[in-house]
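The values are calculated or read from the model by the stated rules, or taken from the named source; none is laboratory data. For clarity, every value in this text was computed on a predicted model and none was experimentally measured. Cβ placement follows ideal geometry from the backbone for every residue including glycine, while neighbour counts extend to all protein chains displayed. These area figures cover heavy atoms from the full protein model, side chains too; ligands, DNA and RNA do not enter into them. Shrake-Rupley method; radii C 1.70, N 1.55, O 1.52, S 1.80 Å.
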Amino acid sequence: MTSVASAEVRESSAPAGAARWLVVVGGVMMNMALGTFYANSTFLPSLEKEFGWTRAQTSLVTTFGIVMIASWFVVGGRLNDRKGPRITALIGGILFSLGFLLASHLESVASILHIPALWGFYLTVGICVGAGNGFGYVVPTAVGSKWFPDKRGLIVGLMVGGYGAGSAIFGPLATNLIGSVGWRSTFQILAAIFFVMTMLAAYLMRNPPAGYRPSGWDPSRATAAAPRGVDVDASHMVRTRTFWSLWVAYALGTTAGTMVISQLVPFARAAGHTAAFAIFILTALGNASGRFFSGWISDHAGRINTLRGMLFVSAISMPALFLLRENAVLFYALLFVVYYCYGTQLSVYASTSADFWGTKNLGFNYGLLLLAWGLAGIFGPILGGRVYVATGEYRWAFFIAAAVSLVAIASLSFANQRSHVQAAEKALAET
């Protein structure tokens with residue numbers, strides 16, 4: 001009987017194995033659209049000029065967005081685990097596209113809701129776009145982890161790398177469109193493009209058949225670099241020391257990155273660098289490269305080792321970026337490194353979650369872990385802004401960012417790649 005069942009799995013794996021690459025296409029497409037969230041700053045000068053808003057006011061849309069992404073990722077993760085990826089991706093794509101469409105009618109939205117136009121901007125681009133992002137972002141990570149247990153870090157890195165690359169593509173496109181047709185029409189054009197992309201991506205999103213294994217992959221030969229975790233629900237996961245050590249490290253490590261992201265434009269200008277287009281492309285490429293290449297590295301060097309290495313590099317590059325900021329070559333090189341380290345964490349923590357607690361409940365489990373990044377989205381911008389107001393420069397913001405990166409490394413020392421499996425199995429036995 002066992003041999004017959006194994007034969008059936010192998011027979012279903014051949015066509016399924018080919019189909020899994022369509023999931024990758026869909027995942028990259030979904031994340032490229034969603035990644036335009038990082039290009040929101042493209043619209044700020046036009047909005048500030050028309051409505052008289054300050055940069056401090058418009059920059060809050062990023063904080064709203066990050067909080068929404070992290071919060072709705074948890075909800076989307078639960079929906080994905082229970083109802084499947086397609087419905088979750090559809091909701092994400094619709095909300096994301098709708099947010100951009102509503103933003104093109106900003107005054108009308110504000111008038112109907114009897115709120116200031118600024119809060120209409122927060123509602124559409126911050127809350128609605130952010131919520132759609134949370135629903136959509138969970139799907140490629142969860143589905144890709146199930147289809148590719150043999151190369152999870154590489155594939156998850158590739159798909160979430162699309163998120164980093166999206167801003168590099170649609171940021172310049174938005175800039176050109178704003179110059180030619182204005183920001184309202186640009187919002188509408190992007191809404192149409194994103195709707196088509198996300199609906200097609202949702203169609204391609206599906207879980208593998210029951211019992212699926214990639215050809216030639218033997219789960220019993222999982223390595224220390226990429227261990228195969230048991231399927232654990234969230235109530236048991238949060239009772240492990242490993243979860244909280246990862247959560248703290250994730251929050252601290254990405255706080256450093258969100259601090260730079262929130263202050264990038266004024267910091268670059270203060271350092272004498274006004275080539276906004278070059279900075280925009282470079283940071284997007286650094287972000288995407290970290291997600292992809294570090295994901296691949298983690299398959300071989302280990303998830304925790306990769307995270308430790310990138311956090312250490314971040315701790316060095318942060319103060320170096322400030323101290324060497326006036327040298328153009330070093331400024332751009334170090335900026336790429338900082339974004340590379342930031343992108344690494346958004347990729348490798350997702351694969352780590354699948355390794356440690358399995359893929360059955362990955363959407364919700366990783367959503368709880370991703371809340372750490374949501375917290376970083378609040379504290380990173382606050383750190384940069386408060387330090388600048390208090391001192392008139394960003395020196396201590398970068399030094400503090402380096403320090404919290406080192407604390408994140410220390411926190412990772414409590415994440416044991418094997419003890420978490422034993423703790424999870426013990427918790428499951430209690431039920």
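Here is a yes/no grid of residues against (1) of a type in the set (V, I, T); (2) at pLDDT below 95:
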position	(1), (2)
V265	yes, yes
F280	no, yes
T283	yes, yes
D299	no, yes
G302	no, yes
S314	no, no
A320	no, no
A328	no, yes
V348	yes, yes
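Close contacts from the range 256-281, counting a first residue that is open to solvent by 40 Å² or more (accessible area, probe 1.4 Å) and a second that is of a type outside the set (S, T, Y) and assigned to a loop (DSSP other than H, G, I, E, B), with Cβ to Cβ under 9 Å and a gap of 6+ residues or different chains, come to A270/R325; A270/E393; G272/R325; G272/E326. Name the pairs: first residue in the range 97-111 and among the acidic types (D, E), second residue open to solvent by 10 Å² or more (accessible area, probe 1.4 Å), Cβ to Cβ under 9 Å, at least 6 apart or on different chains? From residues that are among the acidic types (D, E), the pairs are E107/A117.
Could you give me the residue pairs with C-beta distances under 7 Å whose first residue belongs to the range 232-244 and is under 26 Å from V407 (Cα atoms) and in a helix (DSSP H, G or I), whose second residue is open to solvent by less than 60 Å² (accessible area, probe 1.4 Å) and among the aromatic types (F, W, Y) wherever it lies, and which are 6+ apart or on separate chains? From the range 232-244, the pairs are A234/F364; M237/F243; M237/W357; T242/F356.
Residues of the range 352-391 that are open to solvent by 50 Å² or more (accessible area, probe 1.4 Å), of a type outside the set (V, I, T) and out of contact with any helix residue (DSSP H, G or I) (no Cβ under 6 Å at 6 or more places or on another chain): K360, R386, Y388, A390. Among the residues making up the range 305-339, those that are within 18 Å of the chain's Cα centre (by Cα) and either under 24 Å from K151 (Cα atoms) or surrounded by fewer than 17 Cβ atoms within 10 Å (Cβ to Cβ) (or both) are T306, L307, M310, L311, Y339.
The condition of being in a loop (DSSP other than H, G, I, E, B) and modelled with pLDDT of 90 or more does not hold for R184.
Taking the criterion of being modelled with pLDDT of 90 or more and surrounded by fewer than 20 Cβ atoms within 10 Å (Cβ to Cβ), the residues of the range 392-401 that qualify are R395, W396, F399, I400. Annotation note: Cβ proximity below 7 Å between a residue of the range 358-372 that is more than 13 Å from G84 (Cα to Cα) and at pLDDT below 90 and a residue that is open to solvent by 30 Å² or more (accessible area, probe 1.4 Å) and among the charged types (D, E, K, R) (sequence gap 6+ or interchain) occurs for G358/D231. Within the range 54-102, the set of residues being modelled with pLDDT of 95 or more and among the small types (G, A, S) comprises A89, G92, G93, S97, G99.
Scan the range 143-165 and give yes if some residue there is at positive phi and either at pLDDT 85 or above or in a helix (DSSP H, G or I) (or both), otherwise no. Looking for residues that are at positive phi and either at pLDDT 85 or above or in a helix (DSSP H, G or I) (or both), one finds none in the range 143-165, hence no.
Selection over the range 46-103 of residues that are of a type in the set (D, E) and open to solvent by less than 50 Å² (accessible area, probe 1.4 Å) gives a count of 2.
For (1) closer than 21 Å to I169 by Cα; (2) among the small types (G, A, S), each residue gets a yes or a no:
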residue	(1), (2)
F280	yes, no
G290	yes, yes
H300	no, no
M310	no, no
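May I ask you to list the residues in the range 104-129 that are in a loop (DSSP other than H, G, I, E, B) and open to solvent by less than 70 Å² (accessible area, probe 1.4 Å)? Across the range 104-129, the qualifying residues are S104, I115.
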